[in-house]
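Quick note: the coordinates plus some simple rules give every number you see, no bench work behind them. Everything quoted here is computed from the prediction, not taken from an experiment. Every residue, glycine among them, receives a Cβ derived from its backbone with ideal geometry; neighbour counts consider all protein chains shown.
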Amino acid sequence: MSEPLVLGIETSCDETGVALVRGHELLIDSVASSMDEHARFGGIIPEIASRAHLEAMAPTLRRALDGAGVELGDIDAIAVTAGPGLVGPLTVGASAAKALAVGLGKPLYGVNHVIGHAAVDELVDGPFPDRVMALVVSGGHSSLLLVDDIVTGITELGSTLDDAAGEAFDKVGRLLGLPYPGGPHIDRLAREGDPEAIRFPRGLTAPKDQAAHAYDFSFSGLKTAVARWVEARQDAGQEIPLADVAASFAAAVADVLTAKTIAACQRHDVSTLVIGGGFSANSQLREMAAARCAAAGIDLRIPPIRYCTDNGAMIAALGAAVVRRGLPPSPLDLPVDSSMPL
Ligand code: KG4
Ligand code: ZN
């Protein structure tokens, strides 16, 4: 008998994602985004995102079903992001998932978005070995997870104490006068600059921080250091070497993320590292992670960008793993949780 067909629904931020997964096979992944509507505000507006999900949900589901040649009645289980994320957007996805669960008489599974960013790699690079390390980095999260089992064995070794990596890029992008979201613009500029031009601070790497925060991240001090450096040059009437600032800033972020992650792999005897989340598009992080993993003998797995940004496949992948473990479904009054723990 074939494995159950799992529908995944993701609406935690600005992407409406619907996907179908059977076992470890992704049948289809359909995504709509409201990012263009937020750009002029310089950040995601939850109310606009919620309305966009409401409008995009049914057509995105329709596209997924048609694209996979699947009928609604073929679906065996429905997985949905229960958190973390924006409450309004999460509520639209959860309501759609509950309606489908009731209408089809199929089980509902509320799953964690951050873990989904790691789980999606199983669809691309195959089932995880016994133990993997996962670095999930995006505009909303920066978490280091030790994964013994994607459903029942997640240990959060560290996370950001302030800004997420993508958030820090977006804030530095704003202070450099770049359009929102600044992350990809800084990445592009950085490729033309000298990463060693300016020595920006590496948060939580001082010996005094190592004991309590060996695997935690902090990027707000770095962001302030960049702001001060730029202001001092402006006050002195000097031109800002944008590419060098971008390259030096990006190098500081990539350095801390990769150094701490590889130290965690070595400490926990893990030889497979998965990097997920929208920030894993970052070239500086990719290059440094590839070089340092190769030197440390660590197998690096980074899914293609479309599965790193928010999508339905990550939720369907995690939902399928939950179904495989035979865990009980979520209740139909499943709440959403903006700061859902792991
Ligand atoms: O996962 P994602 O699409 O949405 C969230 O859940 O946050 O991640 C988007 C974040 C934004 O902060 C964006 O600026 C950042 O990832 N980002 C990048 C790059 N591409 C996206 N940051 C740096 N370099 C990039 N190439
Ligand atoms: Zn995300």
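General observations
- Highest mobility in the GNM of the chain, judged by mean-square fluctuation with C-alpha springs under 10 Å and restricted to Ala320, Ala296, Ala52, is found for Ala296.
- Rel. contact order, % - alpha carbon contacts under 8 angstrom, at least six apart, the range 1-157: 21
- The Cα-based radius of gyration and maximum Cα-Cα distance (Dmax) for the range 111-174 are 13.0, 42 Å.
- Fully extended contour minus Cα-Cα distance, from Asp130 to Ser271, at 0.36 nm per residue: 49.7 nm
- Across the chain, Cα pairs under 8 Å and at least six residues apart give a relative contact order of 25 percent.
- Dipole axis of the range 64-149 (+1 Lys, Arg; -1 Asp, Glu on Cβ), positive-most option in Ser142, Val124, Leu86: Leu86
- Here is the P(r) of the chain: all C-alpha pair distances, binned every 20 Å from 0, give 32, 55, 13, 0 in whole percents.
- Placing +1 on the Cβ of every Lys and Arg and -1 on the Cβ of every Asp and Glu, with nothing else charged, gives the range 84-227 a dipole about its Cα centre of roughly 440 debye.
- Globularity ratio of the range 1-112, using Cα Rg and 2.2 N^0.38 Å: 1.05
- A straight chain from Leu332 to Ile48 at 0.36 nm per residue would run longer than the Cα-Cα distance by 99.6 nm.
- Placing +1 on the Cβ of every Lys and Arg and -1 on the Cβ of every Asp and Glu, with no other charges, gives the range 128-305 a dipole of roughly 120 debye about its Cα centre.
- Taking other C-beta atoms within 10 Å as the exposure proxy, Leu20, Leu300 rank Leu300, Leu20 from fewest upward.
- Positive dipole terminus of the range 292-342, leading residue within Pro329, Pro341, Ile305 (C-beta point charges): Ile305
- In this calculation the C-beta distance from Glu25 to Ser220 is compared with R0 = 41 Å, giving a FRET efficiency of 0.50.
- Cβ-based exposure ranking for Lys260, Lys98, in which fewest neighbours within 10 Å come first: Lys98, Lys260
- Proxy reagent accessibility, fewest Cβ within 10 Å first, across Ser50, Ser142, Ser280: Ser50, Ser280, Ser142
- Summing Cβ point charges (Lys, Arg +1; Asp, Glu -1) relative to the Cα centre of the chain gives a dipole of roughly 280 debye.
- Each of the peptides 219-230, 105-116 was scored by the mean count of other Cβ atoms within 10 Å over its residues; in descending order, highest first, they stand as 105-116, 219-230.
- Beyond 25 Å, the tail of the calculated P(r) for the range 100-225 holds 43 percent of the Cα pairs.
- The alpha carbon centroids of the range 128-165 and the range 280-310 are separated by 14 Å.
- Other-chain or far-sequence residues with amide H under 5 Å of His24's (modelled H): none
- Inter-centroid distance (Cα atoms) of the range 233-248 relative to the range 52-116, Å: 46
- Whole-Hz Karplus values for the range 75-90 come out as 6, 9, 7, 10, 10, 9, 5, 9, x, x, x, 7, 4, x, x, 4 Hz, taken residue by residue from phi with 6.51 cos²θ - 1.76 cosθ + 1.60 and θ = phi - 60°; glycine and proline positions read x.
- Against the empirical 2.2 N^0.38 Å (N residues), the range 128-305 has a Cα radius of gyration ratio of 1.03.
- Under the combined filter of DSSP loop state and at most 14 neighbouring Cβ atoms within 10 Å, the range 35-76 retains these GluC sites (Glu not before Pro): Glu71.
- Remark: the range 253-265, residue by residue, has Karplus-estimated 3J(HN,Hα) of 5, 5, 4, 5, 4, 6, 4, 5, 5, 5, 4, 5, 4 Hz, where x stands for each Gly or Pro and the curve is 6.51 cos²θ - 1.76 cosθ + 1.60 at θ = phi - 60°.
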